[in-house]
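Chemist: Please see the structure below; I have some questions.
The values are calculated or read from the model by the stated rules, or taken from the named source; none is laboratory data. Quick caveat, the model's predicted, so the values are computed rather than measured. Neighbour counts run over all protein chains shown; Cβ positions are idealised from the backbone, glycine included.
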Amino acid sequence: MRIRSEIIGCGSYLPERVMSNAELSTMIDTTDEWIVGRTGIKQRHLAADGELTSDLALKAAERAIAHAGISAAEVDLLILATTTPDNTFPATATKVQTKLGMTNGAAFDIQAVCSGFVYGLAVADNFIKAGQAKTVVLIGAETFSRILDWEDRSTCVLFGDGAGAVVLRAGEKIPDASPGEVGHNRGRGVLSTHLHSDGATNDLLYVDGGPSSTQTVGHVRMDGKGVFRHAVANLASIVIETLEANGLAPEDIDWLVPHQANKRILDSTARKLGLPNDKVVVTVDRHANTSAASIPLALDEAVRDGRIKQGDLILMEAMGGGLTWGAGLVRW
Ligand code: ACO
């Protein structure tokens, strides 16, 4: 017998302040036409002065817990995926833990940049499958605006702030089944997760600061074309790996909920899968790239507006600095 983890609730939060491309073009040498044409981004949300990653994370987590209909006291593990923690230490997750009123278990941060949510999903799922946690809050939260070089037009137009969260819970024990066996991919829950990284590509996307290297926070630096090329290739291979591991074909997917980096990357992945655009949840136009927060933000939107329904098969995928990339397949 084995345990499957089920997603029983989701929530998200976006800071109030919206910055349009038009406003950006008053600050740097750019245009709405350039940004929309290259990325599909029309606007982004920005955290207010004094509004921290933990504040965004807390609001998203509270909404996910309310949606799940549980109390924070039931949560025995909190995982926060972020690249923009409040402080170098302690883990921002521990702040959120206390503010939520969670008194049991453990809380920690994980860092896989834009792949943070799928990395967190794998960690949460494995804790539940191993019997080490029963109810997990997984949050992706970022204040990426704080690590942008606002004079570098090739990066500052791409990112935004936000947070999204899910609650995972250990489901009923189900009989063991091997991949390929009829019915092994039926039933609710996380069907599989797949992670990769390749440190040889560190220099394509990184922050030029940090406690051990410069003792400064630093700013995002990126080889845009290099990242784009790797994203298209790595995301195509990870979705194929995920489908093959589950004995499924692209047409079995009800919703692709991808990391929202760039509309052209989303379109390329959908095209390679042969998925029509209306099966792809897109928020990049309104949220820009919110790194680890983008998948749970998109997921929450599609659940709340009724697109995602119980029984739907959802494929999530992401790539980010590292490079890191991964995917998770979930039956809602
Ligand atoms: N406004 C106007 N012009 C600009 C801007 C801007 N904001 N930024 C760059 N340009 C100019 C460049 O200076 C260059 O001008 P030049 O030809 O005179 O030198 C020209 O536009 C073309 O620049 P490129 O960098 O070659 O543009 P490209 O077509 O590669 O598009 C982009 C850039 C949008 C960043 C693209 O490479 C991309 O999307 N890469 C993926 C990056 C990404 O998504 N990163 C997020 C993190 S990783 C992830 O989440 C998957």
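Chemist: How about segment 110-153: which of its residues are small (Gly, Ala, Ser), away from the ligand (no atom under 16 Å from the Cβ) and over 13 Å from the mean Cα position of the chain (by Cα)?
Modeler: Ala124, Ala130, Gly131, Ala133
Chemist: Looking at Gly140, is it touching a residue at least 40 places away in the same chain (Cβ under 8 Å) and at positive phi?
Modeler: Details: touching a residue at least 40 places away in the same chain (Cβ under 8 Å): yes; at positive phi: no.
Judged against the criteria, Gly140 is not a match.
Chemist: Now for a different question. Does segment 3-52 hold any residues that are part of a loop (DSSP other than H, G, I, E, B) and β-branched (Val, Ile, Thr), and which are they? Break it down into steps so the answer makes sense when it comes.
Modeler: Let us first name the residues in segment 3-52 that are part of a loop (DSSP other than H, G, I, E, B), namely 14-16, 25-31, 40-42, 47-52.
The answer is Thr26, Ile28, Thr30, Thr31, Ile41.
Chemist: Here's something else I'd like to know. Of the residues Arg229, Arg264, Arg286, which single one is without any contact (Cβ under 8 Å) to a residue 24 or more places away in the chain and of a type outside the set (S, T, N, Q)?
Modeler: Values: Arg264 fails: without any contact (Cβ under 8 Å) to a residue 24 or more places away in the chain; Arg286 fails: without any contact (Cβ under 8 Å) to a residue 24 or more places away in the chain.
Unique residue meeting the criteria: Arg229.
Chemist: If you don't mind, another one. Consider Pro276 against the criteria (1) closer than 26 Å to Gly160 by Cα; (2) surrounded by fewer than 16 Cβ atoms within 10 Å (Cβ to Cβ): it satisfies all of them except one. Which criterion is unmet?
Modeler: Going through the list (1) closer than 26 Å to Gly160 by Cα; (2) surrounded by fewer than 16 Cβ atoms within 10 Å (Cβ to Cβ), Pro276 breaks only (1).
Chemist: State which residue pairs qualify: first residue farther than 24 Å from Ala122 by Cβ and inside segment 78-106, second residue of a type in the set (Gly, Ala, Ser) and in a loop (DSSP other than H, G, I, E, B) in any location, beta carbons under 9 Å apart, and separation of 6 or more residues or different chains.
Modeler: As it stands, the answer is Gly101/Ser71, since those pairs meet every condition given.
Chemist: Any residue at all in segment 53-64 that's crowded, with 24+ Cβ neighbours inside 10 Å, within 17 Å of the chain's Cα centre (by Cα) and of a type in the set (D, E, K, R)?
Modeler: no
Chemist: Tally the residues that are at pLDDT 95 or above, out of contact with any helix residue (DSSP H, G or I) (no Cβ under 8 Å at 6 or more places or on another chain) and among the small types (Gly, Ala, Ser), restricting the search to segment 94-114. Can you show your working first?
Modeler: Initially, segment 94-114 is screened for residues at pLDDT 95 or above, giving 94-100, 106-114.
Now narrow it down to the ones that are out of contact with any helix residue (DSSP H, G or I) (no Cβ under 8 Å at 6 or more places or on another chain): 94, 97-98, 106, 111.
Still in the running and among the small types (Gly, Ala, Ser): 106.
Total satisfying the criteria: 1.
Chemist: Output the residues belonging to segment 187-222 that are of a type in the set (D, E, K, R) and within 16 Å of the ligand (Cβ to nearest atom).
Modeler: Within segment 187-222, the first condition is being of a type in the set (D, E, K, R), and the residues that meet it are 188, 198, 203, 208, 221.
Matches in segment 187-222: Asp198, Asp203, Asp208, Arg221.
Chemist: Right, another one. Can you find, within segment 159-205, the residue that is modelled with the lowest pLDDT among those that are assigned to a loop (DSSP other than H, G, I, E, B) and hydrophobic (A, V, I, L, M, F, W, C)?
Modeler: First pass over segment 159-205, keeping only residues assigned to a loop (DSSP other than H, G, I, E, B): 160, 175-188, 198.
Narrowing the set further to residues that are hydrophobic (A, V, I, L, M, F, W, C) leaves 177, 182.
Details: Ala177: 69, Val182: 49.
Out of the qualifying residues, it is Val182.
Chemist: Now for a separate question. Determine the pairs where a residue that is within 14 Å of the ligand (Cβ to nearest atom), located within segment 297-324, has a partner that is among the charged types (D, E, K, R) with Cβ atoms under 8 Å apart, the partner being 6 or more residues away or on another chain.
Modeler: Correct list of pairs: Gly322/Asp198; Leu323/Asp198.
Chemist: A follow-up question, please. Can you list the helices (runs of 4 or more DSSP H) found entirely within segment 255-329 that contain at least 3 residues being outside the structural domain of Ser115 (by TED's automatic domain parsing) and over 23 Å from Leu148 (Cα atoms)? Break it down into steps so the answer makes sense when it comes.
Modeler: Details: elements: 263-273, 284-287, 294-304.
Hits in segment 255-329: 263-273, 294-304.
Chemist: Any idea which residue in segment 223-271 is surrounded by the fewest Cβ atoms within 10 Å (Cβ to Cβ), counting only those that are more than 16 Å from the ligand (Cβ to nearest atom) and small (Gly, Ala, Ser)?
Modeler: Only one residue fits best here, namely Ala249.
Chemist: Looking at segment 223-242, can you tell me whether even one residue there is assigned to a strand (DSSP E or B), modelled with pLDDT of 95 or more and either hydrophobic (A, V, I, L, M, F, W, C) or farther than 30 Å from Thr26 by Cβ (or both)? Even if it seems obvious, please write down each step before you answer.
Modeler: We begin by selecting, within segment 223-242, every residue assigned to a strand (DSSP E or B); these are none.
No, every residue in segment 223-242 fails to be assigned to a strand (DSSP E or B), modelled with pLDDT of 95 or more and either hydrophobic (A, V, I, L, M, F, W, C) or farther than 30 Å from Thr26 by Cβ (or both).
Chemist: What do you reckon, is Gly50 touching a Lys or Arg at 6+ places or on another chain (Cβ under 6 Å), within 25 Å of Phe144 (Cα to Cα) and of a type in the set (Gly, Ala, Ser)? Break it down stepwise before answering.
Modeler: Details: touching a Lys or Arg at 6+ places or on another chain (Cβ under 6 Å): no; within 25 Å of Phe144 (Cα to Cα): yes; of a type in the set (Gly, Ala, Ser): yes.
Considered against the rule, which asks whether it is touching a Lys or Arg at 6+ places or on another chain (Cβ under 6 Å), within 25 Å of Phe144 (Cα to Cα) and of a type in the set (Gly, Ala, Ser), Gly50 comes out as no.
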